[in-house]
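Written below as structure tokens is the structure these notes are about.
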Amino acid sequence: MKIVVLPGDGIGPETMAATTQILRTISDLFGLGLDLVHDMAGHDSLKLHGATVTEALLEKVKSADGLLLGPMATYDFKDESKGEINPSKYFRKELDLYANIRPARTYKGMKARLGEFDLVVVRENTEGFYADRNIESGSSEMLITPDVVVSLRRITRKCCERIARSAFNLAMSRNRHVSIVHKANVLKIGDGMFIDICRDVAREFPEVKVDDFIVDAMMAHVVRAPQRFDVIVTTNMFGDILSDLTAELSGSLGLGGSLNAGDRYAMGQAAHGSAPDIAGKDIANPFSVILSAAMLLNWHGQKNNKAEFLSAGKAIFDGVAHAIEAGEATKDVGGKLGTKETGAALARRLSNL
Ligand code: ATP
Ligand code: MG
């Protein structure tokens with residue numbers, strides 16, 4: 001399996017270094033033959049190539065089996081015509097990575113303020129308020145007069161159907177429960193269609209329990225009893241917001257691994273950003289990126305029916321859980337180790353399996 005590795009900005013390089021160490025270890029242990037190809041995107045690429053992402057890089061990614069994207073400091077990217085493109089958005093669009101899978105769970109050895117839970121937010125990743133590719137202006141926002149802005153939300157049958165199917169397929173490998181999150185009481189047509197399509201897809205999965213929640217009420221339900229949920233499926237912006245909440249409820253943003261998956265390609269990416277306040281200090285939690293990499297291995301294993309990749313993914317998930325329980329982790333999750341030593345300790349733990 002060939003994986004393109006783009007370390008990114010801020011805490012990206014250090015967390016990615018810990019991750020590649022784990023990938024090399026796991027590749028040797030499970031005979032995965034991983035080929036890690038390092039390249040650059042973001043500020044480094046802007047300096048060297050005049051754009052934060054290039055078409056050559058896209059071609060390289062397309063010819064590989066997966067992508068690991070580090071966090072990008074995008075706040076000073078303003079003009080796409082000057083090459084200041086958000087790489088995350090670019091790859092999601094160009095590779096049609098329509099499902100953003102964001103697990104959130106508690107671990108033994110950490111304080112679980114709301115009790116133990118284990119859920120996954122499945123967020124539609126290509127349309128909603130963030131859709132811009134079919135709108136000629138290149139943006140989903142329009143300044144009608146200097147004082148009036150209209151923001152458009154695009155919901156299509158095709159995208160609802162494929163995100164629903166991702167959620168139900170995922171639920172089949174978990175606790176067989178899907179919760180649909182929407183605002184159909186206000187967005188009657190768009191979210192009405194989203195619910196109807198989710199319910200249609202649900203008929204193909206009679207073993208899966210289905211319920212639905214209005215997004216505002218959902219915030220209260222998740223905070224009150226996150227253990228009520230298994231797989232949560234929702235549209236783009238609701239999923240963006242809800243998954244930050246669930247990541248934080250799990251104990252640390254540094255545990256937020258995620259996968260952006262389409263039918264052909266997938267990209268592992270921590271759910272958090274570049275965290276410039278802690279960059280270069282060897283204190284960032286690398287588990288978010290390591291868990292994202294494990295999700296990428298799982299995805300490859302499922303897609304190509306390769307059991308060794310599924311076993312490798314599971315070994316990493318279990319290894320992270322045991323490491324946290326043993327306190328072999330960074331401070332944010334109750335440990336005492338630095339970024340580098342956390343990666344090294346996990347590599348030793350995996351080697352001793
Ligand atoms: P960006 O603009 O790139 O999103 P940010 O300043 O918003 O950067 P985030 O990465 O979104 O920062 O994270 C918010 C805060 O959460 C950080 O300032 C940091 O303290 C904490 N944090 C994020 N990721 C980690 C991590 N991997 N390990 C430990 N703490 C983290
Ligand atoms: Mg941020």
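The values are calculated or read from the model by the stated rules, or taken from the named source; none is laboratory data. If you're wondering where the values come from, they're calculated on a predicted model, not measured in any experiment. FYI the Cβ positions are ideal-geometry reconstructions off the backbone, even for glycines, and counts take in every protein chain you see.
With respect to being surrounded by fewer than 22 Cβ atoms within 10 Å (Cβ to Cβ) and at negative phi, A56 fits the description.
Is it true that A275 is crowded, with 22+ Cβ neighbours inside 10 Å and of a type outside the set (D, E, K, R)? No; evaluated as a whole, the condition is false for this residue.
Of the listed requirements (1) under 21 Å from G109 (Cα atoms); (2) away from ligand 1 (no atom under 16 Å from the Cβ), I324 misses just one: (2). Among the residues of region 267-282, those that are more than 11 Å from P71 (Cα to Cα) and either among the acidic types (D, E) or within 10 Å of ligand 2 (Cβ to nearest atom) (or both) comprise D277, D282. Residue pairs whose Cβ atoms lie under 9 Å apart, separated by 6 or more positions or on different chains, with the first residue in region 228-251 and over 17 Å from D216 (Cβ atoms) and the second in a helix (DSSP H, G or I) and charged (D, E, K, R), are G251/D332. Of the residues making up region 280-294, those that are closer than 21 Å to G335 by Cα, in a helix (DSSP H, G or I) and more than 6 Å from ligand 1 (Cβ to nearest atom) are F287, V289, I290, L291, S292. Go over the candidates L34, L46 one by one and state the one that is assigned by TED's automatic domain parsing to the domain that holds K2, within 30 Å of A344 (Cβ to Cβ) and surrounded by 13 or more Cβ atoms within 10 Å (Cβ to Cβ). Result: L34 is the single residue among L34, L46 that is assigned by TED's automatic domain parsing to the domain that holds K2, within 30 Å of A344 (Cβ to Cβ) and surrounded by 13 or more Cβ atoms within 10 Å (Cβ to Cβ).
Checking each residue in region 43-76 for being within 12 Å of ligand 1 (Cβ to nearest atom) and either over 20 Å from A261 (Cβ atoms) or of a type in the set (F, W, Y) (or both) picks out H43, A73, T74, Y75, D76. Of P71, P103, all but one fail to be in contact with a helix residue (DSSP H, G or I) (Cβ under 9 Å, 6 or more places away or on another chain), crowded, with 21+ Cβ neighbours inside 10 Å and assigned to a strand (DSSP E or B); the exception is P103. Within region 269-279, the set of residues being more than 8 Å from ligand 1 (Cβ to nearest atom) and modelled with pLDDT of 95 or more comprises Q269, A279.
Kindly check whether there is at least one residue in region 313-329 that is part of a helix (DSSP H, G or I), within 21 Å of the chain's Cα centre (by Cα) and modelled with pLDDT under 95. No: region 313-329 contains no residue that is part of a helix (DSSP H, G or I), within 21 Å of the chain's Cα centre (by Cα) and modelled with pLDDT under 95. Inside region 241-268, residues that are more than 10 Å from ligand 1 (Cβ to nearest atom), assigned to a helix (DSSP H, G or I) and crowded, with 20+ Cβ neighbours inside 10 Å make up a count of 3.
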